[in-house]
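For reference, the structure discussed in these notes is given below.
The values are calculated or read from the model by the stated rules, or taken from the named source; none is laboratory data. Just so it is clear, the model here is predicted, and its values are computed rather than measured. Here the Cβ is made from the backbone with ideal geometry for all residues, glycine too, and neighbour counts use every protein chain on show. Please note that ligands, DNA and RNA were not included when accessible areas were found on the heavy atoms of the full protein model with its side chains. Shrake-Rupley method; radii C 1.70, N 1.55, O 1.52, S 1.80 Å.
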Amino acid sequence: MKDKLLAEAQKVLNANFQKEGFTIPSKKLYPFQWKWDSGFIAIGYAHYDMDKAESEITTLLDAQWANGFIPHIVFHTDTDTYFPGADFHQSALHPMSSKKYRSTGLVQPPVLGFVLEELYEISKNKKATLQYIRSQIDKVYDNHQYFYQNRDPLNEGLVYIYHNWESGTDNSPIWDGIFENLDSPEYDFERRDTSHVNPEQRPTKREYDHYLHIIDIAKKYKYDDQKIAAHSPFLVQDPLFNAMLIKSNEALIMLYGLLGGDNIKIKQLEKWQEKAVFQMNKKLFDEDLNAYVYYDLRNKKHIRLISSSSFTPLFAGIPSKKDAENLVNTLVSRFGGEDRYLCASFDPTSTHFRPKKYWRGPVWINLNWILFRGLKRYEFKDLARRVKEDSVQLVSKNGYYEYFDCRKEVLDSGNGAYGGNNFSWSAALLIDMLNE
Ligand code: GLC
């Protein structure tokens, strides 16, 4: 079975590879280059085609802005199967945006630091891979500098996101409270996603109004970070986003150490790191819920809901051993029932839980991969194995889909897979887990 799954996964990735050198997440539904997708995709390629792995990263970094910003979507080509496209986002409004590529003015979780480390670990030709890393690593460092200089207005070591699309967990119930108080206009537009995927698995029209509205506000300020920090109605410190940044800081420190000669950068990374880890535990760990939660900077309050993002700090080594145990108890008691596969994207014990709808309940393979690595790091071996085996079950029973039902009876019937099919990061990260 393993060989068959691996062969199918390679087929998915190869079919989504584009002649420009990057890989789309899924045909029609996502026809451009997405930032964190490219990171995960590179990890999959590294196991069988290092050139493609490197090309995935190079094409993305080629679209970096002069201020270190790396966009969440790079519009390499024109296609009308996706909305909102380059004409809506208008990245050229920002004076330092890429002159070469059109993009969004949004970011996505900063995975590239640890992705470079993964490429190095997987590589059979460490010398060549290290040389490649040497050619790209400063761009990733500049991106971290962009975050700490521009997205941490209180100088806490925690960066904010100003849009739910920046979180990567697009329509999680986490954002509902913010949107409820928004007076967004009714936009007149033609959705494209719902012509590829059943609407009951995608966000609603009203949610899309809010998504567009927040971007329009950022555009009004020409994507200026200080003005966004002062005026955006959406300004959140997200535990997943910050955990990815912290994990990537750690990877950059390790890689600069291997490369040698960049002590100033290492010192700076260590400074960011120390502050960030401290604040994650002080500000975002909720001792009553025993989980990492979100902080709404605009409305100055915690968002005390639990999602799969709540457990991602394990991957970055953030919690103490004791907090990690409590965190894992929360995971098992709320998400880990016998009748479920791990790990639902949103708390199954909550009234907001929706097992078929996008980030409101289904299992996503990238979050499972992050969790798998985090559980291993803290030596929760049995649970780590369960996450890996569950991921294999999801895919082998249903195919390489975008997200999956966590209810065993639904999933096992073979009708429990949702969103886009032949989805790249599901394939890439399964390759990585199967090679463990
Ligand atoms: C969806 C996901 C996002 C992902 C994108 C492309 O928007 O929410 O995390 O990057 O699809 O796969």
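Values as computed for the structure displayed
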| quantity | calculated |
| --- | --- |
| Some residue of the stretch 21-36 being touching a strand residue (DSSP E or B) at 6+ places or on another chain (Cβ under 9 Å) and more than 13 Å from the ligand (Cβ to nearest atom) | no |
| Residue pairs meeting the criteria (Cβ under 6 Å; at least 6 apart or on separate chains; first within 21 Å of Glu56 (Cα to Cα), in the stretch 410-432; second away from the ligand (no atom under 15 Å from the Cβ) and assigned to a helix (DSSP H, G or I)) | Ala427/Ala9; Leu430/Ala9; Leu430/Val395; Ile431/Ala9 |
| Evaluation of His89 against (1) open to solvent by less than 10 Å² (accessible area, probe 1.4 Å); (2) more than 16 Å from the ligand (Cβ to nearest atom) (one fails), failing number | (2) |
| Some residue of the stretch 347-369 being of a type in the set (Asp, Glu) and over 25 Å from His163 (Cβ atoms) | no |
| Hits in the stretch 49-86 (condition: surrounded by fewer than 22 Cβ atoms within 10 Å (Cβ to Cβ) and of a type in the set (Gly, Ala, Ser)) | Ser55, Ala66, Gly68, Gly85, Ala86 |
| Cβ-Cβ under 7 Å pairs, at least 6 apart or on other chains, the stretch 137-151 side more than 13 Å from Lys265 (Cβ to Cβ), far side open to solvent by less than 20 Å² (accessible area, probe 1.4 Å) and in a helix (DSSP H, G or I) | Phe147/Leu245; Asn150/Asp225; Arg151/Asp225 |
| Hits in the stretch 386-435 (condition: in contact with a helix residue (DSSP H, G or I) (Cβ under 7 Å, 6 or more places away or on another chain) and open to solvent by 30 Å² or more (accessible area, probe 1.4 Å)) | Lys388, Ser396, Lys397, Tyr401, Asp412, Gly414, Asn422 |
| Check on Tyr120, closer than 19 Å to Ile73 by Cα, more than 16 Å from the ligand (Cβ to nearest atom) and either in contact (Cβ under 8 Å) with a residue 24 or more places away in the chain or surrounded by 22 or more Cβ atoms within 10 Å (Cβ to Cβ) (or both) | no |
| Considering residues of the stretch 124-155 that are open to solvent by 10 Å² or more (accessible area, probe 1.4 Å) and not in a helix (DSSP H, G or I) only, the residue nearest to Phe75 (Cα to Cα) | Asp152 |
| Residue match in the stretch 280-288 (condition: open to solvent by 40 Å² or more (accessible area, probe 1.4 Å), in a loop (DSSP other than H, G, I, E, B) and closer than 25 Å to Trp359 by Cβ) | yes |
| Top-ranked residue in the stretch 175-194 [being in a helix (DSSP H, G or I) and free of Cβ contacts under 8 Å to residues at least 12 places away in the same chain; ranked as most open to solvent (accessible area, probe 1.4 Å)] | Glu180 |
| Residues of the stretch 413-436 classified as at pLDDT below 95 and either within 12 Å of the ligand (Cβ to nearest atom) or not polar (S, T, N, Q) (or both), total | 2 |
| Residue within the stretch 375-385 that is open to solvent by 10 Å² or more (accessible area, probe 1.4 Å) and more than 25 Å from Phe315 (Cα to Cα) present | no |
| Residue match in the stretch 342-363 (condition: under 21 Å from Val111 (Cα atoms), without any contact (Cβ under 8 Å) to a residue 60 or more places away in the chain and either within 16 Å of the ligand (Cβ to nearest atom) or within 21 Å of the chain's Cα centre (by Cα) (or both)) | yes |
